[in-house]
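Here is the structure we will look at, set down as structure tokens.
The values are calculated or read from the model by the stated rules, or taken from the named source; none is laboratory data. From a predicted model like this one, the values you see are computed outputs, not experimental measurements. Note that each Cβ is placed from the backbone with ideal geometry, even for glycine, and that neighbours are counted across all protein chains shown. All accessible areas refer to the heavy atoms of the entire protein, side chains included, with ligands and DNA or RNA removed. Shrake-Rupley method; radii C 1.70, N 1.55, O 1.52, S 1.80 Å.
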Amino acid sequence: MTTFENFEKLDIRAGEIIEAEIFSEVRKPALKLKIDFGEKIGIKKSSAQITELYKPDELIGKQILGVVNFPSRQIAGFMSEVLVLGIYSENGVVLIRPDFKVKNGDKLG
């Protein structure tokens with residue numbers, strides 16, 4: 001079991017997807033994303049295995065939630081800087097998104 005203090009260590013922010021493309025160099029289908037997390041954090045890159053339910057052009061302009069304080073991970077020559085949050089459903093990963101437009105960089109609290 002984890003503690004509330006451990007949860008508070010996660011820096012989860014809202015960001016807007018500004019670019020999305022097929023990540024063809026990986027074994028499991030994925031997308032390369034560029035996400036704008038606002039002035040303080042800036043634009044970050046992420047690799048996300050969300051191809052079952054999302055097409056790249058449909059994601060542009062959508063806000064998502066991402067963990068911005070995990071270490072970067074290199075995935076097939078691409079540096080993934082944030083973890084995009086989603087729910088594993090029987091149809092594929094469903095992105096966690098705000099119901100209403102929020103400021104890029106706003107923190108989950």
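Protein heavy-atom surface of the chain, 1.4 angstrom probe: 52% of the accessible area is carbon and sulfur, with nucleic acids and ligands not counted.
Can you list the aspartates and glutamates whose alpha carbon is less than 13 Å from that of K44, not counting same-chain residues fewer than 8 positions off? List returned: E16, E19, D36, E81.
Computing Cα Rg over 2.2 N^0.38 Å directly from the structure and comparing it against (i) 0.97; (ii) 1.04; (iii) 1.39 singles out (ii). Accessible-area rank, largest first, for M1, M79: M1, M79, with all protein chains present and a 1.4 angstrom probe. Annotation for the stretch 56-102: trypsin sites (Lys or Arg not before Pro) lying in DSSP loop with at most 13 further Cβ atoms inside 10 Å of their Cβ are K101. Computed over the chain, the per-residue total of -39500 (n - 2.57) for DSSP H runs of n ≥ 4 gives a 222 nm mean residue ellipticity of -2000 deg cm²/dmol, rounded to 500. For the stretch 1-43, which trypsin sites (Lys or Arg not before Pro) are in a loop by DSSP, counting at most 15 other Cβ atoms within 10 Å? The qualifying sites are K9, R27. Annotation: per residue accessible area for the chain equals 67 Å², rounded to a whole number [probe 1.4 Å, protein chains only]. Taking GluC sites (Glu not before Pro) as exposed when DSSP calls them loop (any state but H, G, I, E, B) and at most 13 other Cβ atoms lie within 10 Å, what is the longest stretch of the chain free of them, the sites themselves excluded? With GluC sites (Glu not before Pro) excluded where exposed in loops, the chain gives 53-89 as its longest stretch.
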